[in-house]
Amino acid sequence: MATFVWVRVIMETDVIIIGAGASGLMCAIEAGKRGRQVIVLDHANKAGKKILMSGGGRCNFTNFSVDSDNFISNNPHFCKSALNRFTQWDFLTLIDRHRIPYHERDHGQLFCNDSAKDILNILLLECADAGVLVQLNTRIEGLERQTNRFHLKTDQGTFNSQSLVVATGGLSIPKMGATPLGYKIAEQFGVNVLPTRAGLVPFTLQPDDKDLFSPLSGIAVPCSISNKRQIFSENLLFTHRGLSGPAVLQISSYWRAGEAVEINLLPQVNLETELKAKRRQKLKNTLKTILDGYLPKRLVSCLLTENVLNISLPDLSDRQIQQIADQLNHWTIKPNGTEGYRTAEVTVGGIDTDALSSKTMESKQVPGLYFIGEVVDVTGWLGGYNFQWAWSSAWCAGQYV
Ligand SMILES: Cc1cc2nc3c(=O)[nH]c(=O)nc-3n(C[C@H](O)[C@H](O)[C@H](O)COP(=O)(O)OP(=O)(O)OC[C@H]3O[C@@H](n4cnc5c(N)ncnc54)[C@H](O)[C@@H]3O)c2cc1C
């Protein structure tokens, strides 16, 4: 009878990268090209799952215009160095070299023409060319650092290395394999972690507002949305759960629980001036008929009462006009919350950038320990900025690991 002997594998390498997502693969390519022996470990059964689901399956992989203002961080200057050293043009050179067709959408956003698979395939091809080993289905069980080497215990054996790169991403979409491992590793080594929250995420509404607005599900209108910190001009989408669309996703990253947001439903129109002008022209229409020309009927009916809507323009007082204009140009609503990590595109907060070198992404306290991508407290706007941060931070670390 055959006897099976379990041998726990011990593997020595130069660089271990935890996370085979956007940043982990990019870092592996750069380190591999320098002749470093690199292993990328991931617990998932597939590399780059978020790349595949991004941009509605077409991956908004970068943006023609990238600036530190497009990012949220406790230290807004931290991302500048990496973004300047590996730019959107550098990523486009890679895309062009692999002849991937792409197109520009609003606000300079760049998407694949065919599929997000094109981006993942490039990264995996480049990894193979650089001699990188990508090992999936590997559960991380423990980590130690002794005599300047990292010892990573997994269910597939122990991996020892000189450099360890944490590229485990944020907490959004746990179903896709998101875990807090990166933050736990930081805590284990005394690296500060700033509080995290869901970003680029739809708002849920207070019960009364939900009842009022859920029949509008599917209606989209251009708007500008703002709070004390930021303003965005994008589309607002009503859903059966609350408010979504690019406008809401963008402002959600700047929103704190309990705050109100202001929505200008007619960003191109000063309604007070417009209504007064029409009144001067002796227009006899009801307010309802006039507003039909500006906004969907059902939306207007939710925001203004039938009584007001049936008043004809000459009968509206200055005060009434001001109140109506206020309601549509400065609609203030207090969300109940967000849909949370279940549907968020990103995690705001994370590894404190004060603990990292902006040149190398290496921990200032723990030589050889690097953090890249979304796990770091640098969060991009909607529009390809999160991938650009993943590419840029990963490229920088890849030159030093
Ligand atoms: C639905 C959706 C759409 C998006 N669309 C866009 C877009 O179009 N443009 C854009 O710029 N950004 C987009 N983003 C954000 C973007 O996907 C992320 O910011 C980016 O993937 C971050 O890269 P990363 O390498 O840091 O992390 P990830 O790509 O998330 O990779 C992290 C990897 O670490 C692995 N991992 C996690 N925990 C463990 C563990 N305990 N053990 C082992 N492995 C682990 C994961 O399996 C994963 O493979 C989108 C996000 C979502 C959720």
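Couple of notes before you dig in:
- Pairs of Cα atoms nearer than 8 Å and 6+ residues apart set the relative contact order; for the range 308-401 it is 22 percent.
- Rounded to 5, percent antiparallel among DSSP beta bridges of the range 1-132: 60 percent
- Mean-square fluctuations from a GNM of the chain, with a 10 angstrom spring cutoff on Cα atoms, peak among 345, 262, 374 at 262.
- With loop membership from DSSP and a limit of 15 other Cβ atoms within 10 Å, the longest segment of the chain without trypsin sites (Lys or Arg not before Pro) is 140-227.
- The residues of the range 36-93 expose on average 43 square angstrom of accessible surface per residue, using a 1.4 Å probe on protein heavy atoms.
- Apportionment of accessible area to carbon and sulfur, the chain, percent (1.4 Å): 50 percent
- Longest site-free stretch - the chain; sites: chymotrypsin sites (Phe, Trp or Tyr not before Pro), DSSP loop, at most 10 other Cβ within 10 Å: 7-401
- Each Lys and Arg contributes +1 and each Asp and Glu -1, all at the Cβ; summed about the Cα centre of the chain, the dipole is approximately 340 debye.
- In plain terms, if you count all Cα to Cα distances in the range 30-150 and split them into 5 Å steps from zero, the share in each step is 2, 9, 14, 17, 19, 18, 14, 5, 2, 1, 0 percent.
- Near residue 156, the amide H atoms lying under 5 Å from its own belong to 139; only residues 5 or more places off or on other chains count, and H is placed 1.01 Å from N.
- Inter-label distance for residue 342 and residue 68, nm, one decimal - labels placed 7 Å from Cα along Cα-to-Cβ: 3.8 nm
- Cross-link reach list, aspartates and glutamates versus residue 334, counting only Cα pairs under 12 Å and skipping chain neighbours closer than eight places: 208, 209, 259, 262
- Here the Karplus relation 6.51 cos²θ - 1.76 cosθ + 1.60, evaluated at θ = phi - 60°, turns the backbone of the range 168-180 into coupling constants of 8, x, x, 9, 6, 6, x, 4, 8, x, 5, 9, x Hz, with x for every Gly and Pro.
- Relative contact order for the chain: 25 percent, from Cα pairs under 8 Å spaced at least 6 residues apart, divided by residue count.
The values are calculated or read from the model by the stated rules, or taken from the named source; none is laboratory data. The structure displayed is predicted, hence computed values, not measured ones. All Cβ positions, even for glycine, are placed from backbone atoms using ideal geometry, and neighbour counts span all protein chains on display. With ligands, DNA and RNA removed, areas are computed over all heavy atoms of the protein, side chains included. Shrake-Rupley method; radii C 1.70, N 1.55, O 1.52, S 1.80 Å.
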